[in-house]
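K.L.:
Quick one: structure below, then a few questions.
Every read-out reported here was derived from the displayed coordinates using simple, explicitly stated rules and does not represent laboratory data. Note that this is a predicted model, so its numbers are computed, not measured. Neighbour counts run over all protein chains shown; Cβ positions are idealised from the backbone, glycine included.
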Amino acid sequence: MGEIFHTTGIPPPYDPVQIVRYMLGRPLDFEPGARMAYSNLGYLVLGRVIEKVTRMDYEAWVRAVVLQPLHLESMKLGKATWRDRETEEARYHTHGDRMGLSLYDPFGPPVPYPYGAENFEGFEAHGGWIATAADLARFADAFHDPAKCPLLNPETIALMQARPEGVAGHEADGQPKAAYYGCGWMVRPVKDGQANLWHAGLIAGSESLVVKRWDGSSWAVLFNGNGTAQGGNLSAAIDPLLHRALGR
């Protein structure tokens, strides 16, 4: 955010359009295809594409086209400050209950870091949603039977989890990676064309994990804090335990 301020002179917080406009003016970190790096920017760009093509607000389109067909009612874009939180939303914590200056009230007192010290409302399409664990698991469940999926056709679902060419899907020696990033999911091929799909998320005060297993089971885990006592990610700590409970 400091770079945006020094370049534009506009103080934070920044909305998705401002972030996309700034980032698209920056040089690439490396030549396309030279290596693979996860980037949230693509999802913010996708949000703008949705608004341009559909002439609808991004959140309204997602709720109407993606969430309503699955009867998912809890999911919505979250708010950054304590006063604007949802009634039943969990309280988020960081290690040591870290404090910071609020981007949304710069002349006010310090706030708990998850409640205004991050540019949370600018995350939007790349990580600004809140939901119940049950609704996230139901979302993953929708992709178990491609022939009956109410969102995507079988060909698109196959594309979603297809192995990318080059270094994104292969090791330096050309061998296929054991796991790779597809179109919106991490993918680990298992057997007979089946795969485990998952996605994890982490922001100040929150971690999440959504898994769709090859055997028809799905789960979602939400944490209202960051990190284990040993300093690792909570999602990485619980993931093998849940796989073990179901049998690998």
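K.L.:
What is the chain's relative contact order, in percent, from Cα pairs under 8 angstrom and six or more apart in sequence?
P.N.:
The normalised contact order for the chain reaches 16 percent.
K.L.:
Local charge sum around Thr7 (other residues, Cβ-Cβ under 13 Å, Lys/Arg +1, Asp/Glu -1)? It would help to have the intermediate numbers written out before the result.
P.N.:
Working: positive: Arg21, Arg26; negative: Glu3.
That works out to +1.
K.L.:
Relative contact order of segment 133-248, please, whole-number percent, based on alpha carbon pairs below 8 angstrom and at least 6 residues apart. It would help to have the intermediate numbers written out before the result.
P.N.:
On the way: 166 pairs, mean separation 23.6, N = 116.
Normalised by residue count, the contact order of segment 133-248 is 20 percent.
K.L.:
Quick one: dipole size for segment 37-82, taken about the Cα centre, charges +1 on Lys/Arg Cβ and -1 on Asp/Glu Cβ, in debye to the nearest 20.
P.N.:
Values: 6 positive and 4 negative charges, 20 e Å.
Using only the charged Cβ atoms, the result is roughly 100 debye.
K.L.:
Please list, or write none, the lysines whose alpha carbon is within less than 16 Å of the alpha carbon of Lys191, excluding same-chain residues fewer than 8 places away.
P.N.:
Excluding near neighbours in sequence, the set is Lys177, Lys212.
K.L.:
Still on this structure: Tell me, what ³J(HN,Hα) does each residue in segment 75-92 have, in order and in whole Hz, if you take phi through Karplus 6.51 cos²θ - 1.76 cosθ + 1.60 with θ = phi - 60° and put x for Gly and Pro?
P.N.:
Computed from phi, the couplings for segment 75-92 are 7, 6, 6, x, 10, 8, 9, 4, 5, 9, 5, 6, 4, 9, 6, 5, 8, 9 Hz.
K.L.:
Then there is this: Averaging over every viewing direction, what projected area does the convex hull of the Cα atoms of the chain cover, in nm²?
P.N.:
Values: hull surface 63.4 nm².
The directionally averaged projection comes out at 15.8 nm².
K.L.:
Follow-up. How big is D for segment 133-248, in µm² s⁻¹ as a whole number, if Stokes-Einstein is applied with the Kirkwood radius of its Cα pairs at 4 °C and 1.567 mPa s?
P.N.:
Reported coefficient: 85 µm²/s.
K.L.:
So how far, in whole Å, is the C-alpha centre of segment 185-248 from the one of segment 135-151?
P.N.:
17 Å
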